[in-house]
1. Filter the stretch 151-177 for residues that are at pLDDT below 85 and either at positive phi or in contact with a Gly (Cβ under 8 Å, 6 or more places away or on another chain) (or both) and give the result.
2. List every residue pair whose Cβ atoms sit under 9 Å apart, with the two residues 6 or more apart in sequence or on different chains, where the first one lies in the stretch 157-176 and is farther than 19 Å from HIS145 by Cβ and open to solvent by 60 Å² or more (accessible area, probe 1.4 Å) and the second, anywhere, is modelled with pLDDT under 80 and part of a loop (DSSP other than H, G, I, E, B).
3. Please determine, by comparing only the residues of the stretch 68-86 that are surrounded by 13 or more Cβ atoms within 10 Å (Cβ to Cβ) and not small (Gly, Ala, Ser), which one is modelled with the lowest pLDDT.
4. Could you check the stretch 129-150 and list, in sequence order, the residues that are on the phi > 0 side of the Ramachandran plot and either touching a Ser or Thr at 6+ places or on another chain (Cβ under 7 Å) or surrounded by fewer than 19 Cβ atoms within 10 Å (Cβ to Cβ) (or both)?
5. Out of (1) at pLDDT 80 or above; (2) under 18 Å from the mean Cα position of the chain (by Cα), the odd one out for ASP21 is which?
6. Go through the stretch 98-118 and give me each residue that's open to solvent by 30 Å² or more (accessible area, probe 1.4 Å) and either of a type in the set (Asp, Glu) or not in a strand (DSSP E or B) (or both).
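The values are calculated or read from the model by the stated rules, or taken from the named source; none is laboratory data. Quick caveat, the model's predicted, so the values are computed rather than measured. Positions of Cβ are backbone-derived with ideal geometry, glycine not excepted, and every protein chain shown enters the neighbour counts. Quick note on the areas: whole protein, heavy atoms, side chains included, nothing else; ligands and nucleic acids left out. Shrake-Rupley method; radii C 1.70, N 1.55, O 1.52, S 1.80 Å.
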Amino acid sequence: MDIADKAGFAALMHNLLGTLDAVLPERSKCIVVNVDEHQSLADDMMRLSVVPIFTTSAVRTLGFGDLTAVLGKSLAKHVACSTDGVEPFEFQVEHLYSIDTVGTVATGWVHSGAVAAGGATDTQQLVIGPDSSGNFVEADVSSIHTLRTPTESAKAGMSASLAIQPRSPITIQKGMV
């Protein structure tokens, strides 16, 4: 709904807040008016303590800058430090499988860097997350398959299946990196 009259907008917000209260009763709802505190709002979103509601206008192109600023700051990222110029490995989990003889197998695309079967190297620490607290845990990759064929490594641009063994307990979910 764009360029709504006040009564129509009030009815829409009432219905939206009622639906959110029914679905997420434990979380605070916040109608974002002033987003000077982008990082604070992003942190609250990552802790799953608040549901921000942005009002935008596709006709007048209002509100999208604030929305993208908050979303950009709320992205769950593990910042990898590289002193040797090697691009950090990033893999986004698209599907998960549990295989009796292997354990957890995650499929997806390698977005950057490369990984070799056997896990971390001297220059690369592998982590997976974020969990519900926004934390990442160290992990090992015991085997890699590309196009259903075992391989020694996977690099950026490849579709891959990784057998992942977290070093600490974590529930691996679709969307993790």
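1. The answer is ILE170, GLY175, MET176, VAL177.
2. The qualifying pairs are THR171/ASP131; THR171/SER132; GLN173/ASP131.
3. Among those that are surrounded by 13 or more Cβ atoms within 10 Å (Cβ to Cβ) and not small (Gly, Ala, Ser), it is HIS78.
4. GLY134, LEU147, ARG148
5. (2)
6. If the condition is that a residue be open to solvent by 30 Å² or more (accessible area, probe 1.4 Å) and either of a type in the set (Asp, Glu) or not in a strand (DSSP E or B) (or both), then ASP100, THR101, VAL102, ALA117, GLY118 are the ones that fit.
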